[in-house]
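Below is one structure; the comments refer to it alone.
What follows is calculated from the coordinates using simple rules that are stated; it is not laboratory data. Because the structure is predicted, anything quoted here is derived from the model rather than measured. Counting neighbours? That spans all protein chains shown, and the Cβs are built from the backbone with ideal geometry, glycine included.
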Amino acid sequence: MLDCIRIGLLVVGLICVATGLLPKAEAADNMRRIAPLLLFLGSVIVLANLARRAKVFDVIAHRLAIVAGGNYVGLFLLCVLFASITTIVLNLDTTAVLLTPVMLALAIPARIPPLPLAMTTLWLANTASLLLPVSNLTNLLAADRVALNATGFAARMWLPQLLSIAVTMVCLWWWYWRRSQRGADRYVVPEAIRPADMRERVLLYASGGACVLFVAAIPFVGNRIGIAAAVAAAIAVAAFAVCDRSALRWSLFPWQLLVFVSGLFLVVPTLSLHGLSWIMDHLIGRDTSGPGVFRAAGAGAALSNIVNNLPAYTAGEAVISAGDRNQLLALLIGTNVGPLVTPWASLATLLCLEFCRSHEVRVPMRRFVLTGLVLAAAATVAATAGLLLTG
């Protein structure tokens with residue numbers, strides 16, 4: 001079903017170009033703009049898929065549970081740290097696609113209720129995606145628009161990121177992790193995962209090393225982050241080509257995600273030309289002072305839960321002057337932190353819920369919507385206040 005929606009979106013976008021609803025020159029400009037983003041997204045998902053195949057994430061997840069030693073408070077803090085770091089340095093889709101099933105699998109040997117683990121990855125995949133350009137596809141777009149490299153971007157977003165994660169931790173603990181919700185005082189400490197032979201050891205260290213090299217390169221590569229991700233992915237691919245060639249399948253490549261993004265960047269500009277820009281202009285307004293910044297964040301969060309965060313950001317960006325950094329970054333906060341209320345609000349949310357369904361983990365929708373609404377509002381306000389302070 002999801003694949004049909006993604007392909008359908010691209011087909012609609014191509015029809016918009018063919019019929020002239022979207023001028024061909026503008027469509028070409030949009031495709032040139034997102035080409036480096038598609039290279040990054042495709043490469044980092046291949047890297048993450050191979051890292052998962054090499055059990056990099058499984059080893060880390062089990063090690064966290066062992067370090068916490070059966071203590072839920074310790075496990076909670078370590079899971080938050082793991083999910084946050086994965087989102088920040090490998091992007092939110094990696095957390096959704098790879099970390100969610102790993103955390104759910106951890107619930108079985110440790111006899112941990114799966115819902116707290118699922119909500120940790122689902123929420124932090126969104127709320128921990130503010131710090132670096134690579135953390136979210138919208139960040140890459142925003143960094144290009146406001147002319148900030150990775151270091152400059154982090155200098156503006158470190159406080160919003162800390163506040164967003166802090167609010168998320170409070171909400172996670174109160175609604176999903178505290179004693180009355182989880183139903184047990186301690187969990188069973190699982191056995192450590194170790195490579196069975198030299199082949200598995202080589203794959204584990206090569207894939208893990210490629211991830212570390214990619215992370216280490218982020219402050220230095222500037223807008224060439226796609227090339228850095230491609231090099232890291234090539235290292236992992238080379239290791240598997242030598243040790244486990246059967247793992248190198250076309251299914252590693254996230255064509256569905258690339259089709260979805262390409263379709264969005266044809267359909268949304270078309271909608272912007274035919275009414276969406278007028279709506280966003282009225283929602284965001286022209287006030288660049290504090291209230292106007294909060295208004296931009298609120299507009300981004302609200303529209304994300306109606307149409308999805310990527311269209312919400314691109315529609316909002318189109319009506320904000322490139323010189324209004326605070327408004328642009330506030331819009332970014334709203335579209336990153338806010339998509340927690342509806343299941344379709346972000347691709348990461350959609351993917352996390354799909355994994356919960358496939359693992360037969362029930363997420364009560366009324367509870368999901370109400371708790372997500374409170375977190376989205378609180379985290380968006382806190383992060384936007386942090387943005388104003390760093391400005």
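The residue list 133, 164, 62 was ranked by how far each Cα lies along the charge dipole of the chain toward its positive end, using unit charges on Cβ atoms, and 62 comes out on top. Extension gain for residue 162 to residue 306 (0.36 nm times residue separation, less C-alpha to C-alpha distance): 49.2 nm. Short to long, the 5 Å bins of the Cα pair-distance histogram for segment 76-234 hold 1, 9, 15, 18, 17, 15, 11, 8, 4, 1 percent of all pairs. When the Cα centres of segment 279-318 and segment 99-165 are compared, how far apart do they sit, in Å? First find each Cα centre; the distance between them is then 21 Å. Remark: the chain is approximated by an ellipsoid whose semi-axes, taken from the C-alpha gyration tensor as √(5λ), come to 33, 26, 19 Å, largest first.
Note on 250, 255: ascending count of other Cβ atoms within 10 Å places them as 250, 255, the fewest first. Between residue 250 and residue 360, the modelled labels are 3.3 nm apart [label points 7 Å from Cα along Cα→Cβ].
About its Cα centre, the dipole of the chain is roughly 640 debye, where the only charges are +1 on Lys and Arg Cβ and -1 on Asp and Glu Cβ. Length, then width, then depth: along the principal axes, the Cα atoms of segment 38-169 run 47, 31, 21 Å.
Peptide packing for 115-128, 195-208 was compared via the average number of neighbouring C-beta atoms within 10 Å per residue; ordered from the highest value, the list is 115-128, 195-208.
Label-to-label distance for residue 77 and residue 370 is 3.1 nm, based on points extended 7 Å past Cα in the beta-carbon direction. Estimated from helical segments only, the mean residue ellipticity of the chain at 222 nm is -24500 deg cm²/dmol, where each DSSP H run of four or more residues counts as -39500 (n - 2.57).
D by Stokes-Einstein for segment 266-323, Kirkwood Rh over Cα pairs, 4 °C, 1.567 mPa s: 115 µm²/s. With neighbour counts taken as other beta-carbon atoms within 10 Å, the residues 171, 352, 79 rank, fewest first, as 171, 79, 352. For the pair residue 344 and residue 151, the difference between a 0.36 nm per residue extended length and the Cα-Cα distance amounts to 66.3 nm.
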